[in-house]
Structures are given as C-alpha cells and as structure tokens.
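Heads up, the thing below is written out as structure tokens.
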Amino acid sequence: GAGVSQSPRYKVAKRGQDVALRCDPISGHVSLFWYQQALGQGPEFLTYFQNEAQLDKSGLPSDRFFAERPEGSVSTLKIQRTQQEDSAVYLCASSSPGGAGEYPNYGYTFGSGTRLTVV
Amino acid sequence: DAKTTQPNSMESNEEEPVHLPCNHSTISGTDYIHWYRQLPSQGPEYVIHGLTSNVNNRMASLAIAEDRKSSTLILHRATLRDAAVYYCIRGNRDDKIIFGKGTRLHILP
C-alpha cells in the first residue's frame, strides 16, 4: 500500500491479557520504528529494526514488551500481561536509510497507530 | 531528551502566516533540523528539514539562524487544517527521532 498500515486500530484488553500489535511498513523500507504515545505527550521511542535485525531496543519499558520483524517487512509488537500503564497509542514508522528523496518522500512515514486501552 | 525547546502552544488567525520557533542551542555540526506535525488522531507526518540554509517546500518554509542555535517553521497562510502539534527535532537524517512535547498550534477562524 501507499502508507504504513497498523492493526488493529483500537484494542481493549483486560489487565493481564497478552496483546499483539501489527505494523505493515511501506514496501521496500528498510528501517522500522515503534513508538508509544501517552495522552497529551509526544511519542516516545521504543525500538528500531533495520531489515530483520533489532538494532535498538533501549526504549522498551519492561521485559513484558517484545518486538519482532522476522522477514524484514511486517513487524509485531507484543505486550505480555498488560497493565493499565500500558494504555497508550502505539505508533509504527518506516523509512529508507538516507531518507531518499525530498518531500513528500523524505523522512519517516508513520501509521495512524493502535490505541490500546487496558481495563 | 529532545534537546530542543518550543513554546507549549500558539494561536494564529486563519489565512495569516504563522511562525513557530524552536531553540536548539546545543546542536552539533552534523545535526539536521527536522519538523514533524501531528494532526488529531493521526501519526506524525514529516513537514520539512534543513541543515544550514533556509528551505522551502509545498508545505512550509524553514528559516535557520546563522549560528544554527534556533530555527523557525513558517506556514505562509494558515488554514484550519493546519491545527496540530508541531515537533522540532534535531538529529542525523537516519537517527531515531526523539520527540519533545512540541507546540500545539490553534487556528482561529
């Protein structure tokens, strides 16, 4: 597709439930990023992939958070034993290294996010 | 640490120019200045970027101070659809983006 696709758009989970959030990046984009955005705050970096390699996971808040991108395209962010503080919008972005091209092809392209509510 | 400073919010009248300031006093020589904006219920979208020279594109202009310690995003003629949170970010083109809180821009009809 033309943009970054995230699913589901909304997810309500009971506390303690495991969830999986999916990101379909732009075809051919090498780099993929996950961000967490709490209400009223800017997005916070979680993790970064270059192809299938997870090069930076410094932003993952706990070992309950796990991300994978096994074939270097689609990525899944998994949260185990969800807690109320995990409620947020989870954003995925993709890009080509070097930000090839100029507007509107430069930079990161973000999906619309998955809004996770833990009850 | 976003390493940039922006006002929390600004207001502007529709169809008037808007100047959004950003301070990045500790910027390094290789850091670009990027601007993204986030419309309600959407992910951030790229607006513009620059290194040293002023830049123009279809969305906006970016004016960079000669000492590179500050910059200004210019929307030449604001519309209601420009109401968003605007993020000023410094970093290498391929760095992970570190967002601050941004400037919430309100457009008055």
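Each value in this text was obtained by applying a stated rule to the coordinates, not by laboratory testing. Predicted model only: the values in this text are computed from it and were never measured. Glycine gets a Cβ as well: all are built from the backbone with ideal geometry, and neighbour counts include every protein chain shown.
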For residue B:70, list long-range residues whose amide hydrogen, built 1.01 Å from N in the peptide plane, is under 5 Å from its own amide hydrogen. B:24, B:65
Please report, in Å, the Rg and the Dmax of region A:14-119, where both are computed over Cα atoms only. 13.8, 44
For an R0 of 41 angstrom, estimate the FRET efficiency from the Cβ-Cβ distance between residue A:55 and residue B:8 and round to the nearest 0.05. 0.80
Can you put B:47, A:74, A:89 in order, fewest other beta carbons within 10 Å first? A:74, A:89, B:47
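Given charges of +1 on the Cβ of Lys and Arg and -1 on the Cβ of Asp and Glu, with all other atoms neutral, how large is the dipole of chain B about its Cα centre, in debye to the nearest 20? Write out the running numbers ahead of the final one.
Details: 12 positive and 12 negative charges, 43 e Å.
Computed charge dipole of chain B: roughly 200 debye.
Taking each residue of A:107-117 in turn, how many C-beta atoms of other protein chains fall within 10 Å of its C-beta, and what is the average?
4
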Length gained if residue A:20 through residue A:83 is fully extended, taking 0.36 nm per residue and subtracting the Cα-Cα distance, is 21.3 nm
Run the reach check for residue B:3 against aspartates and glutamates, Cα to Cα strictly under 12 Å, same-chain hits fewer than 8 apart removed. What comes back? B:31
Could you give the length gained on full extension between residue B:108 and residue B:65, defined as 0.36 nm per residue of separation minus the Cα-Cα distance, in nm? 12.6 nm
Tell me, in nm to one decimal, what length is gained between residue B:74 and residue B:26 on full extension, where the rule is 0.36 nm per residue of separation less the Cα-Cα distance? 15.1 nm
Given backbone amide H placed at 1.01 Å from N, residues whose amide H is under 5 Å from that of residue A:5, ignoring those fewer than 5 places away on the same chain, are A:24
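Can you tell me the mean projection area, over all orientations, of the convex hull of the protein assembly as shown's alpha carbons? Units nm², please.
Computing the convex hull of the Cα atoms and averaging its projections yields 12.3 nm².
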Sorting B:108, A:39 on the 10 Å Cβ count, fewest up front, what's the list? A:39, B:108
Just want to confirm a number: the relative contact order over chain A, from Cα pairs under 8 angstrom separated by 6+ residues, in percent. 36
